[in-house]
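Colleague: Provided herewith is a single structure, encoded as C-alpha cells, for subsequent inquiry.
The numbers here are math on the coordinates, done by the rules we state, and not lab data. It should be emphasised that the depicted structure is a prediction, and the values quoted were computed from it without experimental measurement. Note that each Cβ is placed from the backbone with ideal geometry, even for glycine, and that neighbours are counted across all protein chains shown.
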Amino acid sequence: MTSRHAEISGAGFAGLTAAIALAQRGWSVRVHEKGESLREQGAGIVLWQNTLSVLDAFGLSDEIAERSMVPPFYETRMQNTIVSDEDPLALGIPWRTMTRPFLHSVLSKAAKAAGVEIATGSEVVGATEAGALKLADGSEVEADLIVGADGVASPTRDSLGIGYDRWHAKDGITRFLVPRRKEDLQKIEPDTEWDNVIDFWNLEPRVLRVLYTPANAEELYIALMAPADDAEGSAVPTINLEVWTSIHPQLTPVLEEAAKIEGKYFRYQTNRLETWTKGRVALIGDAAHAMAPALAQGGGCAMMNAYTLAEAVSAAEVGDLPDALTEWERIERPYTDRCQDRSQNFADTRGMAQGGQFVGESNETALYDPTDPHRHDHAIA
Ligand SMILES: Cc1cc2nc3c(=O)[nH]c(=O)nc-3n(C[C@H](O)[C@H](O)[C@H](O)COP(=O)(O)OP(=O)(O)OC[C@H]3O[C@@H](n4cnc5c(N)ncnc54)[C@H](O)[C@@H]3O)c2cc1C
C-alpha cells in the first residue's frame, strides 16, 4: 500500500483504536486531543468479545490481563434477593472488567509504539468533506481520511451539518472508582462472593440501583443509578450518603468511599445520526452512536467500529475512500443501531432488574468478533 495519511479528532477509546489499527496497516496517523494531557476520566468499564478480540489483534491481551478481572459471576439482585447468577464465560461470552484510566493508558502506549503522533492541547473545530480538519488555532490539516472520534458533542459531526435524533431516558448514573474494602464488605455479608459483578436493583420504595463491579484486586467501580427527577438520589458532586446507605446498607463501606469523591451525574442518552460518513470523513464512537449504558456496549461498539473502519479503508484505493466509507457504514452500522435500540429499551423499561440478561439477541454485539473475516456469515442477524 502506498503511504496514506489519517487525521483523527479525539484520543478516547474510539480515536486511539482507529489510530492503532490504521498505523498497523501502514498509515501515517496523527491524533488531535483537546485535553492538555492524555488521560481518561471516569471509573470502570466492562469489555466483551467484540473489544477483547480487537485488543488481542493488537497484541495487548497479556498487558490487559495484568490489571483487570474476569469476575466469577454476574449476579442480579432485586431488593437484595438474588434473581439470577450468570457466568458469561460458561455461556460462551468472553468478558473482562478494568478501570478506564488503565485501558486508556494501554491504548495510548500502543498507539505511540505503532508510530502514531498524538498532539495534545490541539482542539478541532470542524472538518471538510474533501478531507481536512480545522483546528482552533486557525490552521487546517489535510488527509486521505478524517476520523471524527471527538465524543458525544462532536465538533467534526456538527461542522458537517449531520443531523441526528436524541432520546433521553428517565434515569442517569454517577460513577466512582473506590478501594475494594472487601474485608469490610465480607464482615457485613460473609456469604456474598464480593468478586462478582453484582447489580443491586431496588425499585421500591424508590428507584436506586448500585452496579458493583470489581475492576482489579484493589479497585472497585461503582455506578449509582437514580431517576433524573429524584433530587436526592441524583445529588452531586457529593452523593447523599444517608439515602444510598438506607437502601443499600450492605454497601456502606464503599458508599462512604464514594461520598469522599466529587461525582458527576450523567443522564442516559441515545443519538441516532442520519449518516456516519460524509466524503472522506468517518464518525466513530460516541460522536456517531452515543447510547444508554444498559448493555455496557458504548465503548465496545466504538472500538469494534474503529477496527472495521481501518480494515475497510485499508482495503480500498485512495480515490475510492468515500465509497468505501459508505459501504463500511452499510455493512457494520446495523449491529450498532440494534445495540442502541436494545440498550435504550432496557433503560426505558428497567428490564435488567429481572436478571437473566445473557440470552438471545441481547448478546449480539457482545459476541461480535470484528477481527473475524467471516463474521458476517455467522453473526446473529
Ligand atoms: C454510565 C456509563 C457506563 C458505561 N459503561 C460502559 C461499559 O461498561 N462498557 C462499554 O463498552 N462502554 C460503556 N460506556 C460507554 C463508553 O464510555 C463510551 O461509549 C466511550 O467511552 C466512547 O468513547 P469515545 O472515544 O467515542 O468518546 P470519548 O470517551 O468521549 O472521547 C472523546 C475524546 O475526544 C476529545 N475531544 C472532544 N472534543 C474534542 C475537540 N474539539 N478536539 C479534539 N479532541 C476532542 C475528548 O477530550 C476525548 O478524549 C458507558 C457509558 C456511560 C455513560
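Colleague: When Lys and Arg each count +1 and Asp and Glu each count -1, what net charge do the other residues less than 9 Å away from residue 162, Cβ to Cβ, add up to? Provide the component values of the computation, followed by the final result.
Modeller: Numbers: positive: 157, 278; negative: 158, 274.
Taking every other residue near residue 162 into account, the sum is 0.
Colleague: A further question on this structure: At most 14 other Cβ atoms within 10 Å and a DSSP loop assignment: could you name the trypsin sites (Lys or Arg not before Pro) in region 178-238 that fit?
Modeller: Working: sites: 180, 181, 182, 187, 206, 209; in loops: 180, 181, 206.
For trypsin sites (Lys or Arg not before Pro) across region 178-238 that sit outside H, G, I, E and B with at most 14 neighbouring Cβ atoms in 10 Å, the list reads 206.
Colleague: Also, I was wondering about something else. Restricting attention to region 1-49, which GluC sites (Glu not before Pro) occupy a DSSP loop and are surrounded by at most 11 other Cβ atoms within 10 Å? Mind dumping the intermediate values first?
Modeller: Numbers: sites: 7, 33, 36, 40; in loops: 36, 40.
Answer in residue order: 36.
Colleague: Cα atoms only: what Rg and Dmax, in Å, come out for the chain?
Modeller: 20.7, 65
Colleague: How far, in degrees from 0 to 90, does helix 321-349 lean away from the longest principal axis of the Cα atoms of the chain, to the nearest 10?
Modeller: With both axes taken from Cα atoms, the answer is about 10 degrees.
Colleague: Taking the Cβ of residue 279 as the center, what net charge do the other residues with Cβ under 11 Å away carry, scoring Lys and Arg +1 and Asp and Glu -1?
Modeller: Working: positive: 278, 280; negative: 129, 323.
Every neighbour counted, the sum reads 0.
Colleague: So who's got an amide H within less than 5 Å of the one on residue 296, skipping anything under 5 residues away but keeping other chains? H placed 1.01 Å off N, in plane.
Modeller: none
Colleague: Skipping prolines and chain starts, which residues have an amide H placed within reach, meaning under 5 Å, of the one on residue 86, given they are 5 or more residues away or on another chain?
Modeller: Long-range HN contacts for residue 86: 74, 75, 76.
Colleague: With the Cα gyration tensor of region 77-230 giving a ≥ b ≥ c as the square roots of its eigenvalues, does the rule (a/c under 1.5 for rounded; else a/b larger than b/c for prolate; else oblate) give rounded, prolate or oblate?
Modeller: Working: a/c = 2.82, a/b = 1.87, b/c = 1.51.
Verdict is prolate for region 77-230.
Colleague: For region 57-67, what does the Karplus curve 6.51 cos²θ - 1.76 cosθ + 1.60, with θ = phi - 60°, yield as ³J(HN,Hα) per residue in whole Hz, taken in order and with x for Gly and Pro?
Modeller: Result, rounded to whole Hz: 4, 7, x, 10, 4, 5, 5, 5, 5, 4, 9.
Colleague: Apply the Karplus curve 6.51 cos²θ - 1.76 cosθ + 1.60, θ = phi - 60°, to the phi angles in region 211-220 and return the couplings in whole Hz, x for Gly and Pro.
Modeller: Residue by residue, region 211-220 yields 9, 9, 10, x, 9, 5, 5, 10, 10, 10 Hz.
Colleague: Hey, for a label at residue 256 modelled as a point 7 Å past Cα toward Cβ, could you say which residues of region 221-240 have their backbone N under 17 Å away?
Modeller: Residues passing the 17 Å test: 239-240.
Colleague: Next question. What nm distance separates the two modelled labels at residue 182 and residue 140, each placed 7 Å from Cα along Cα→Cβ?
Modeller: According to this spin-label approximation, the distance is 5.7 nm.
Colleague: Can you tell me the mean projection area, over all orientations, of the convex hull of region 1-76's alpha carbons? Units nm², please. All intermediate terms of the calculation are to be shown ahead of the outcome.
Modeller: Details: hull surface 27.5 nm².
For region 1-76, averaging the hull's shadow over all directions gives 6.9 nm².
Colleague: I would also like to ask the following. Residue 90 versus residue 320, label points 7 Å from Cα toward the beta carbon: distance in nm?
Modeller: Placing both labels 7 Å beyond Cα along the Cβ direction yields 4.8 nm.
Colleague: Which GluC sites (Glu not before Pro) in region 271-332 sit in a loop by DSSP (not H, G, I, E or B) and have at most 15 other Cβ atoms within 10 Å of their own Cβ? Spell out each step's value before the answer.
Modeller: Working: sites: 274, 311, 317, 327, 329, 332; in loops: 274, 317.
Hits after loop and neighbour filter: 274, 317.
Colleague: For region 231-381, divide the Cα radius of gyration by the Kirkwood radius and give the resulting Rg/Rh value with two decimals. Don't skip to the end; give the middle numbers.
Modeller: Working: Rg = 19.5 Å, Rh = 17.9 Å.
Ratio of gyration radius to Kirkwood radius for region 231-381: 1.09.
Colleague: Along region 108-122, what does the Karplus equation 6.51 cos²θ - 1.76 cosθ + 1.60 (θ = phi - 60°) give for ³J(HN,Hα), rounded to whole Hz, x for Gly and Pro?
Modeller: In residue order, the calculated couplings are 5, 5, 5, 5, 5, 5, 7, x, 6, 8, 10, 9, 8, x, 10 Hz.
Colleague: With just the Cα atoms of region 315-381, tell me how far they stretch along each of the three principal axes, in Å, largest first.
Modeller: 51, 23, 15
Colleague: Now a separate question. Helix 13-23 versus the longest principal axis of the chain: what is the Cα-based angle in degrees, 0 to 90, to the nearest 10?
Modeller: 40 degrees
Colleague: Ignoring everything except DSSP H segments at least 4 long, calculate the 222 nm mean residue ellipticity for the chain; use -39,500 (n - 2.57) per segment, divide by total residues, nearest 500. Kindly include the intermediate steps, with their values, before the conclusion.
Modeller: Values: 13 runs with 124 residues, N = 381.
Roughly -9500 deg cm²/dmol at 222 nm, from the helical runs in the chain.
Colleague: Can you give me the angle between helix 298-314 and the longest principal axis of the chain, using Cα atoms only, in degrees from 0 to 90, rounded to the nearest 10?
Modeller: The helix 298-314 is inclined about 20 degrees to the chain.
Colleague: Same structure again: Compute the semi-axes of the equivalent ellipsoid of region 175-272, taking the square root of 5 times each eigenvalue of the Cα gyration tensor, and list them largest first in whole Å.
Modeller: Numbers: eigenvalues 96, 45, 36 Å².
Equivalent ellipsoid semi-axes, largest first: 22, 15, 13 Å.
Colleague: Which far-off residues, 5 or more places away or on another chain, put their amide H under 5 Å from the one on residue 44, with H placed in the peptide plane?
Modeller: Those qualifying (amide H under 5 Å, at least 5 residues apart or on another chain) are 100.
Colleague: What percentages make up the Cα-Cα pair-distance distribution of region 33-160 when the bins are 5 Å wide from 0?
Modeller: 2, 8, 14, 16, 15, 14, 11, 8, 6, 4, 2, 0
Colleague: Let me ask something else. Report the relative contact order of region 121-172, percent, no decimals, based on alpha-carbon pairs under 8 angstrom and at least 6 residues apart. All intermediate terms of the calculation are to be shown ahead of the outcome.
Modeller: Working: 57 pairs, mean separation 16.0, N = 52.
Value for region 121-172: 31 percent.
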